[in-house]
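The values are calculated or read from the model by the stated rules, or taken from the named source; none is laboratory data. Since the structure is predicted, the reported quantities are computational estimates derived from the model, not experimental observations. So basically every Cβ, Gly included, is an ideal-geometry build from the backbone, and we count neighbours across all protein chains shown. The area values use the complete protein model at the heavy-atom level, side chains included, leaving out ligands, DNA and RNA. Shrake-Rupley method; radii C 1.70, N 1.55, O 1.52, S 1.80 Å.
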Amino acid sequence: MMKIKGVNLGNWLVLEKWMSRELFHGIDAEDETDFYNALSPEEAADRLYMHRSYFIQERDFQHIKAMGLNMVRIPVPHYIFDEKGPYVGCIEFLDSAFDWAETYDLKILIDLHTVPDSQNGFDNGGLTGVVKWHHKQENIDYTLDVLERLAERYAGRRALYGIELLNEPVSEDILKFVGPRYQARDPKQAEGSTAVPTEVLKDFYLKGYEAVRRHCSEDVAVVIHDGFRLEEWEDFMPKDQYPGLVIDTHMYLFTAEPLMKTKRLEDYKDSIRKNFKERLERASRFHPVIVGEWCLANKCEEKDTLSPDTLYSSIYQWEMDAWDACDGWFFWSYKLHTSGRNDWDYCRACDAGWITK
């Protein structure tokens, strides 16, 4: 397997308000479902067409290649084939991405980022505060059908690296830690929300693997997210029986910071080694592993006294050392419209010199 050096095309086909606030101008909406409910079908379609047409274009793929990267991870919504009103599908944009990727010799990881009733309750899951995807078999069956249709459509494309079956199904610990940030628009809709049990995920992943393999050879990766529980997959789907299986784990500093006694810069070096590198080294003994999302954002208590160059360049180097323990990485995200968040923006971080090509 080639060493992956990639970026996420976040906020293109799956909306994230914090990354593009102008798209939500004039409406009281915090997530993608709110966006559709706050607008007429015509206005929603118009805004989305303009956003999708201009946020990512062919020139971005050319730029990504020029930055020395070799892959993009593309979050896609469950309604990509335009079957779930009031949502507006976007399969033609993913088709274009494959054309552009093949023009510039890049690979694509298709990442199913949202599902009906949400798998995490995050804003990036399309429905904040609700985690009920796994409560209905019809939701799971529908998700498997979408995955199979994606596999069938792109199986013959040279740019296809793999298909990720589900982004960030939430664990009990993460739901308690992060969940309170996200409040449901309709509290009644959120009632009964629960973390996605590991056993439910295992059954779904087995079926998802088979759905992709019905159309794609073993050269195409089937990627499963660890659900914020990396150590629970060591004996699951062994690679001699399930070739092409890859584990995706997301390693943001905010998940490690609560474990740190202090947050001086040097403390981050030790934390990244212990909480990221050592865990990746162990997990990589059982499966190929990628870090599908990470960034430079941190809560270092020395931000006011350190130069940004020192702070972010140091963290970047330590994270690169950690990612050497696995099969590659995707930075979140390639670019943002929102200003002042350069530690989440690969292009701006490169321009600032924090990331070295």
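Regarding region 90-100, can at least one residue be identified that is touching a residue at least 12 places away in the same chain (Cβ under 8 Å), surrounded by 20 or more Cβ atoms within 10 Å (Cβ to Cβ), more than 24 Å from ARG21 (Cα to Cα) and in contact with a helix residue (DSSP H, G or I) (Cβ under 6 Å, 6 or more places away or on another chain)?
Yes, the conditions are met somewhere in region 90-100.
If we scan region 262-272, do we find a residue that is touching a residue at least 40 places away in the same chain (Cβ under 8 Å), surrounded by 20 or more Cβ atoms within 10 Å (Cβ to Cβ) and within 22 Å of ASN167 (Cα to Cα)?
The answer is no, given that none of the residues of region 262-272 is touching a residue at least 40 places away in the same chain (Cβ under 8 Å), surrounded by 20 or more Cβ atoms within 10 Å (Cβ to Cβ) and within 22 Å of ASN167 (Cα to Cα).
(1) open to solvent by less than 60 Å² (accessible area, probe 1.4 Å); (2) in contact with a Phe, Trp or Tyr (Cβ under 7 Å, 6 or more places away or on another chain); (3) charged (D, E, K, R): which one isn't true of GLU148, the others all being true?
Condition not satisfied by GLU148: (2).
List the pairs whose first member sits in region 295-318 and is open to solvent by 50 Å² or more (accessible area, probe 1.4 Å), whose second member is in a helix (DSSP H, G or I), and whose Cβ atoms are under 6 Å apart, counting only residues at least 6 apart or on separate chains?
So the pair list comes out as LYS299/GLU257; GLU302/LEU265.
Give, as residue ranges, the helices (runs of 4 or more DSSP H) completely inside region 1-78 that count at least 3 residues that are free of Cβ contacts under 8 Å to residues at least 12 places away in the same chain.
Here the list reads 41-55.
Give me the pairs, please: first residue somewhere in region 337-357 and assigned to a helix (DSSP H, G or I), second residue anywhere and open to solvent by 40 Å² or more (accessible area, probe 1.4 Å) and among the charged types (D, E, K, R), beta-carbon distance under 6 Å, and either six or more positions apart or on two chains.
Correct list of pairs: ASN342/ARG348; CYS347/LYS335.
Tell me the residue from SER217, SER171, SER193 that is under 19 Å from the mean Cα position of the chain (by Cα) and of a type outside the set (Lys, Arg), please.
The conditions single out SER171.
Any chance region 103-116 includes a residue that's surrounded by fewer than 21 Cβ atoms within 10 Å (Cβ to Cβ) and assigned to a helix (DSSP H, G or I)?
Yes.
Identify, please: which residue in region 176-186 is farther than 13 Å from THR255 by Cβ and open to solvent by less than 90 Å² (accessible area, probe 1.4 Å) and is, among those, farthest from the chain's Cα centre (by Cα)?
Step by step, filter region 176-186, then rank; the result is ASP186.
Any idea how many residues of region 234-261 are surrounded by 12 or more Cβ atoms within 10 Å (Cβ to Cβ) and outside any loop (DSSP other than H, G, I, E, B)?
Qualifying residue count for the region: 11.
Go through region 185-200 and give me each residue that's touching a residue at least 40 places away in the same chain (Cβ under 8 Å) and under 29 Å from PHE236 (Cα atoms).
Matches in region 185-200: GLY192, SER193, THR194, ALA195, VAL196, PRO197, VAL200.
Confirm whether GLU168 is in a loop (DSSP other than H, G, I, E, B) and in contact (Cβ under 8 Å) with a residue 24 or more places away in the chain. Spell out how you get there, then give the answer.
Working: in a loop (DSSP other than H, G, I, E, B): yes; in contact (Cβ under 8 Å) with a residue 24 or more places away in the chain: yes.
Spelling it out, GLU168 is indeed in a loop (DSSP other than H, G, I, E, B) and in contact (Cβ under 8 Å) with a residue 24 or more places away in the chain.
For region 113-152, give me the residue count where each residue is farther than 12 Å from GLY208 by Cα and touching a residue at least 24 places away in the same chain (Cβ under 8 Å). Before you say what the answer is, go through the steps one by one.
Of all residues in region 113-152, those farther than 12 Å from GLY208 by Cα come to 113-139, 152.
Of the ones still in play, those that are also touching a residue at least 24 places away in the same chain (Cβ under 8 Å) are 113-116, 119-135, 139, 152.
Qualifying residue count, region 113-152: 23.
Among the residues of region 89-115, what is the count of those that are more than 23 Å from GLU168 (Cβ to Cβ) and not small (Gly, Ala, Ser)?
Count: 10.
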